[in-house]
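**Q** Please read through the structure below; I'll follow up with questions.
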Amino acid sequence: GNMVVDMRNLVTMKEFAPVIFDATHSVQMPTAENGKTGGDSSMVPHLAKAAAAIGVDGFFFETHFDQTVALSDGPNMLKMKDLDKLIKKIKKIKKRKSVIFRRFNIIIILFSLIIVNIFCSKSELPENPQKKLKYQQYTKI
């Protein structure tokens, strides 16, 4: 029993509320271990990084000093020694995503200005002073 984690749903849920991604329960394998829930903790970093790239608002990780003696969810847990490294990678992804998003917005604004300049000469602008002012503000960027 593999579970399917459909990342498209994270995008949809973000439209309604902040989203916390539960990376460790996402790798559960129900009834994989003789009637007990198993899991594949090696997949936790991959799913967490994908969720970070989508832009979730936070993460939930189960961890333990020794997963083999955990009373539940041991096979899903992230090793304590790997938690800090994963958090640093997530922060790096979120920071990179933020920079890319800002660059993308600047490119869109510049492209829009080029289109306006190609298709509208200043003499063709509407006489409405508010629209004229808005055009002048964008051309100063």
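The values are calculated or read from the model by the stated rules, or taken from the named source; none is laboratory data. Note that the coordinates shown come from a computational prediction; the quantities given were computed from them, not determined experimentally. We place every Cβ from the backbone using ideal geometry, glycine too, and count neighbours over all the protein chains shown. In case anyone asks, the SASA skips ligands and DNA or RNA and just uses the protein heavy atoms, side chains included. Shrake-Rupley method; radii C 1.70, N 1.55, O 1.52, S 1.80 Å.
**Q** Assess whether F21 counts as being in contact with a strand residue (DSSP E or B) (Cβ under 6 Å, 6 or more places away or on another chain) and modelled with pLDDT of 90 or more.
**A** Yes.
**Q** If you take the residues in region 37-84 that are within 20 Å of the chain's Cα centre (by Cα) and farther than 14 Å from A23 by Cβ, which one is most open to solvent (accessible area, probe 1.4 Å)?
**A** Once the filter is applied, the top-ranked residue is D84.
**Q** Considering each of A70, A50 in turn, give the residue that is within 28 Å of V4 (Cβ to Cβ) and modelled with pLDDT of 85 or more.
**A** Only one candidate qualifies: A50.
**Q** Filter region 18-62 down to residues that are free of Cβ contacts under 8 Å to residues at least 24 places away in the same chain and at negative phi, then give me how many there are.
**A** Residues flagged as free of Cβ contacts under 8 Å to residues at least 24 places away in the same chain and at negative phi within region 18-62 amount to 5.
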